[in-house]
Each structure stands twice: as C-alpha cells, then as structure tokens.
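*Asks:* Quick one: the structure is below, and I'll ask about it shortly.
The values are calculated or read from the model by the stated rules, or taken from the named source; none is laboratory data. Every value quoted in this text rests on a predicted model; they were computed, and no experiment measured them. Positions of Cβ are backbone-derived with ideal geometry, glycine not excepted, and every protein chain shown enters the neighbour counts. For accessibility, only protein heavy atoms count, side chains too; no ligands or nucleic acids. Shrake-Rupley method; radii C 1.70, N 1.55, O 1.52, S 1.80 Å.
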Amino acid sequence: MNLIVAVDAKWGIGNKNSLLVRIPEDQKWFRETTTGKAVIMGRKTLESFPNKSPLKNRLNIVITGNPDYKVEGAVVVNTIEDAVKAASDYADEDIFVIGGESVYRQMLPYCDVAHVTKIDYVYDADAHFPNLDELEEWKITETSDERTYFDLIYEFVKYERVK
C-alpha cells in the first residue's frame, strides 16, 4: 500500500482541517496518481473536500468511529482492518492512504511506499505526518528536481520501506 501526502519543512500537513497550501502541480500529481485506484481516509479528511463529497473515479474508503455515518459514493468502515479489507480487490500498489494525521499514523505499518511532496517552508500546522527521515525502516528511493510555485520551493520524494 501507498501513502501520499504533502508536508512542510517540519512534516506539517494541515491546520484546522485544511491543507497548508494548494500547489497546482501537486494537486495534479495527486489526481493523476490516485484516479482509478482506492483511497483510504478519515472522516475529517472527507469532510474537508469540496461539498464534503468523495473523490471522483476512485474507490473512497472512509474510516470513522461513528457506526451510523453514511456517505453516498463511499464505503464507510469503523476500523483500520475493515479499511484494508474494503480495498482488498485492489493491488497493493493501487491503494493510497490520503489522510489525515491519525489515519496516516495507523496505516503506516501497512504501507511500503510513501509519495511525499516536500515543501521547503514552515506553516502553522496542527496536524503532522510521521517524519520518515527519522525512521530507519524508510529510505528515499527517488527525488524529483526542485520545483517552484511563486516563492515556494518543493520536490516530489518517494520513500520505500526497507525489507
């Protein structure tokens, strides 16, 4: 399974249930990478989307502790294990964990690849992704050229779990 995330220089991912920044090339990369695949997210991540609607052309799996929660166009589950089971018709490389913080942390042990957009700026963040640079079992296997969006510098970095 994969994780896909955009992080700031301190691995921040969000503030008040919103992304820290929207970079068009990163959003395009996310859309192209996940379309036609399964995406696993928490309820608050789903509710941060426009109209609180599932992403088009993907199997949307939403994890929530609320057994009565329903969303048209999504599979709602109550546990990490149920999310993994709901995605079982997809190959591991076609399953993407897309947030938020709690779901990323709980799903990290299930994943072997992390696609990280690293933004060279520190935002005011109240949600963070685990710092893969500090975890021995994760190694960088690919790095894009440095890119800019206005005055922001960022790059696409692929991490893989060392087996």
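*Asks:* Those residues that are in contact with a Phe, Trp or Tyr (Cβ under 6 Å, 6 or more places away or on another chain) and farther than 14 Å from ASP8 by Cβ, I need them from region 98-131; list them, please.
*Replies:* Passing the criteria: TYR104, ALA114.
To keep it simple, each residue is scored yes or no on (1) farther than 16 Å from ILE4 by Cα; (2) touching a residue at least 60 places away in the same chain (Cβ under 8 Å); (3) over 13 Å from the mean Cα position of the chain (by Cα).
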site: LEU46; (1), (2), (3): no, no, no
site: LYS52; (1), (2), (3): yes, no, yes
site: TYR69; (1), (2), (3): yes, no, yes
site: ILE80; (1), (2), (3): yes, no, yes
site: VAL97; (1), (2), (3): no, yes, no
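*Asks:* Which of the residues spanning region 117-144 are open to solvent by 70 Å² or more (accessible area, probe 1.4 Å) and under 17 Å from PHE30 (Cα atoms)?
*Replies:* GLU142, THR143
*Asks:* Take region 1-60 and flag every residue that is in a strand (DSSP E or B) and polar (S, T, N, Q). Walk me through it before giving the result.
*Replies:* Filtering region 1-60 for residues in a strand (DSSP E or B) gives 2-7, 12-15, 18-19, 38-42, 59-60.
Correct list: ASN2, ASN15, SER18, ASN60.
*Asks:* For region 145-159, which residues satisfy the criterion of being surrounded by fewer than 16 Cβ atoms within 10 Å (Cβ to Cβ) and of a type outside the set (S, T, N, Q)?
*Replies:* Those that are surrounded by fewer than 16 Cβ atoms within 10 Å (Cβ to Cβ) and of a type outside the set (S, T, N, Q): ASP145, GLU146, ARG147, TYR149, PHE150, ASP151, LEU152, ILE153, GLU155, LYS158.
*Asks:* Also, quick follow-up: Residues ASN57, ASN51: which one is within 14 Å of THR35 (Cα to Cα) and open to solvent by 90 Å² or more (accessible area, probe 1.4 Å)? Explain how you work it out, then say what you get.
*Replies:* Working: ASN51 fails: within 14 Å of THR35 (Cα to Cα).
Result of the check over ASN57, ASN51: ASN57.
*Asks:* Also, I was wondering about something else. Scan region 1-18 and report the pairs whose first residue is in contact (Cβ under 8 Å) with a residue 24 or more places away in the chain and more than 8 Å from HIS115 (Cα to Cα) and whose second residue is small (Gly, Ala, Ser) and assigned to a strand (DSSP E or B), with Cβ atoms within less than 6 Å and a gap of 6+ or a chain change.
*Replies:* ILE13/ALA127; GLY14/ALA127
*Asks:* Does TYR123 satisfy the condition of being part of a helix (DSSP H, G or I) and under 23 Å from TYR154 (Cα atoms)? I'd like the intermediate steps shown before the answer.
*Replies:* Numbers: part of a helix (DSSP H, G or I): no; under 23 Å from TYR154 (Cα atoms): yes.
When the stated conditions are applied, TYR123 does not pass them.
*Asks:* Take THR45 and tell me if it is crowded, with 21+ Cβ neighbours inside 10 Å and of a type in the set (Ser, Thr, Tyr). Explain how you work it out, then say what you get.
*Replies:* Details: crowded, with 21+ Cβ neighbours inside 10 Å: yes; of a type in the set (Ser, Thr, Tyr): yes.
Against the criterion (crowded, with 21+ Cβ neighbours inside 10 Å and of a type in the set (Ser, Thr, Tyr)), THR45 qualifies.
*Asks:* What is the residue count in region 63-90 for residues that are open to solvent by 20 Å² or more (accessible area, probe 1.4 Å), in contact with a Lys or Arg (Cβ under 9 Å, 6 or more places away or on another chain) and not hydroxyl-bearing (Ser, Thr, Tyr)?
*Replies:* Summing the residues that are open to solvent by 20 Å² or more (accessible area, probe 1.4 Å), in contact with a Lys or Arg (Cβ under 9 Å, 6 or more places away or on another chain) and not hydroxyl-bearing (Ser, Thr, Tyr) in region 63-90 gives 6.
*Asks:* Pairs under 9 Å by beta carbon, first residue part of a loop (DSSP other than H, G, I, E, B) in region 132-157, partner open to solvent by 70 Å² or more (accessible area, probe 1.4 Å), six or more apart or different chains?
*Replies:* Short answer, once both residue conditions are applied: GLU136/VAL162; GLU137/VAL162; GLU137/LYS163; GLU146/ASP120; ASP151/TYR121.
*Asks:* Then there is this: What number of residues in region 61-90 are of a type in the set (Lys, Arg) and in a helix (DSSP H, G or I)?
*Replies:* Of the residues in region 61-90, the ones of a type in the set (Lys, Arg) are 70, 85.
Of the ones still in play, those that are also in a helix (DSSP H, G or I) are 85.
Counting residues in region 61-90 that are of a type in the set (Lys, Arg) and in a helix (DSSP H, G or I) gives 1.
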